Amino acid sequence: MNTPPPISNPFLALQSRYLVLGTFLVASLAVGSLYALLGEWQLLPPSNEDPILNPILTIGVLTVMGSAILWVGRGQGLKVDPLFGPLFGPLLGQISRRSVHRFSIFYGLLLVASLLLFSLGISSVVFYLLSLSFPGYVSQLIESNVLLNGSSSLYPQFYDSLMLFLLLVYAPLVEELIFRGFLLQRWSMKWGLPWGLIASSVLFGLLHLNNPLGLALFGLVMGLLYVRTHSLWVPIACHSLNNLAAVGIDRLSQIASGGQTSTVSDIQELWWMSLALVVVSVPFLAWFVWHNWPKAGDEIPYLVNVGRQ
């Protein structure tokens, strides 16, 4: 009897330190230099103080990193279709024999809402604790947390459009490709799926310094969604929905406050409300993590999807 050939696993050969750290450093230098050059040619604002620099650099760096992962990965035999997985299968209940679970839209909305409540709550609780000893530092963090504020830019409308594109489309797509599509699966091949989930989620949180605890849990849940559905499109959609809700809350907050940001005094007075958000959201999130936690021997989503083809 003929036995099927072994499934090629490109994540055994791909090196995360070069594809992530190396491309990040090179991309940051290259995109920053290009921005400075365009500024000299008066095609972009020359001042480093213009906030439009942030979305431009971020989009540029993400583009280089995502392109490098796909280009090098394809050289190692990486297939894009099984990397991203089924587009509509998890939502429409097209459950295969390889345990792709149904994922309802209502369940996704509930999960995103819980993550958003936890993220808002835990960031304010951490800010409150820090403000007891470092009020000036917390004040700077609060100011940097405003998502859409291009009033100080030379091109405020262009800034807002770039930020919306980055937050709602590009960052969810490329960040999920990098952290869940690549790092989660590469590190799972080295240390097992549970540790791959933890390591990629911790790094995701650490790179979001304004809210590392909230974003680490967010990254963990997105990774579990990928493992549960074997579809990268599910965490991409949830990531985009989370950012959309965050942008909406930010806009409503700016309207309600007349364009003024929160102060350290506001956080110190309302810390109990932030703690309540954490308490309300944790039970469901903890249940989700516990219910979907993989075993050490479970296969990564890529190999499952390749095996179904």
- Task: With everything on Cα atoms, drop me the angle between helix 233-256 and the longest principal axis of the chain, reported from 0 to 90° to the nearest 10.
- Result: 10 degrees
- Message: If I ignore ligands, DNA and RNA and count only protein heavy atoms, how much of LEU206 is accessible to a 1.4 Å probe, in Å² to the nearest 10?
- Response: 100 Å²
- Query: Comparing LEU166, LEU207, LEU78, which has the greatest mean-square fluctuation in the GNM of the chain with Cα pairs linked when under 10 Å apart?
  - Reply: LEU207
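Per residue, how much accessible area does the chain show when a 1.4 Å probe rolls over the protein heavy atoms, in square angstrom? Intermediate results must be reported in sequence, preceding the final value.
Details: 16450 Å² over 309 residues.
That works out to 53 Å² for each residue.
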- Item | Residue-wise HN-Hα coupling along region 58-74, computed from phi with Karplus coefficients 6.51, -1.76, 1.60 (Hz; x: Gly, Pro) | 5, 4, x, 5, 4, 4, 5, 5, x, 5, 5, 4, 5, 5, 5, x, 5
- Compute the relative contact order of region 202-255 as a whole-number percentage, counting only Cα pairs closer than 8 Å that sit 6 or more residues apart in sequence. 20 percent
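Just reorder GLU299, GLU176, GLU40 by solvent-accessible area, largest first, 1.4 Å probe, all chains present. All intermediate terms of the calculation are to be shown ahead of the outcome.
Values: GLU299 85, GLU176 0, GLU40 145 Å².
Sorted descending by solvent-accessible area, the residues read GLU40, GLU299, GLU176.
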- What is the Cα coordinate range of region 167-289 on the first, second and third principal axes, sorted by size from largest, in whole angstrom? 49, 28, 23
- Item | log10 of Debye I(q)/I(0), alpha-carbon scatterers only, for the chain at 0.08, 0.09, 0.10, 0.11 Å⁻¹ | -0.40, -0.50, -0.62, -0.75
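Stretch ALA36-THR263 to full length: gain in nm at 0.36 nm per residue minus the Cα-Cα span?
Contour length minus Cα-Cα distance gives 78.3 nm.
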- First check a/c for region 169-208, with a ≥ b ≥ c the square roots of the eigenvalues of its C-alpha gyration tensor; if it is under 1.5, answer rounded, and if not, answer prolate when a/b is larger than b/c or oblate otherwise. oblate
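The values are calculated or read from the model by the stated rules, or taken from the named source; none is laboratory data. This structure is a prediction, so every number in the text was calculated from the model and none was measured. When the accessible area is computed, the model is the full protein with side chains, heavy atoms only, and any ligands, DNA or RNA have been set aside. Shrake-Rupley method; radii C 1.70, N 1.55, O 1.52, S 1.80 Å.
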